[in-house]
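Notes follow once the structure below has been shown.
Since every read-out is calculated from the coordinates, none of them should be taken as a lab result. Quick caveat, the model's predicted, so the values are computed rather than measured. Here the Cβ positions follow ideal geometry from the backbone for every residue, glycine too, while neighbour counts run over all protein chains shown.
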Amino acid sequence: MPTTLEIRCTDDECELDMFELHYTYDMPEEVGIADFVCPYCRSSERLEAIEL
């Protein structure tokens, strides 16, 4: 099954609660959260994975 990451933006000014990244097996293993930005506020420095 393809990897899914649940991510939240920790910027206090951002209205986004959380979002999920779904990607295929073709995604290189070295790609991580730092390679993405929040779709709402466009911050890349305030993203963190939600650990269940």
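For the reader, a short list of remarks on this structure follows.
Results for (1) outside any strand (DSSP E or B); (2) touching a residue at least 12 places away in the same chain (Cβ under 8 Å); (3) exposed (fewer than 12 other Cβ atoms within 10 Å of the Cβ), shown as yes or no for each residue.
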{"position": "Arg8", "(1), (2), (3)": "no, yes, no"}
{"position": "Asp11", "(1), (2), (3)": "yes, yes, no"}
{"position": "Glu15", "(1), (2), (3)": "yes, yes, yes"}
{"position": "Glu20", "(1), (2), (3)": "no, yes, yes"}
{"position": "Tyr25", "(1), (2), (3)": "yes, yes, yes"}
{"position": "Pro28", "(1), (2), (3)": "yes, no, yes"}
{"position": "Cys38", "(1), (2), (3)": "yes, yes, no"}
{"position": "Ser44", "(1), (2), (3)": "yes, no, no"}
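- Residues that are in contact with a Cys (Cβ under 8 Å, 6 or more places away or on another chain) and among the hydroxyl-bearing types (Ser, Thr, Tyr) do not occur anywhere in the stretch 12-35.
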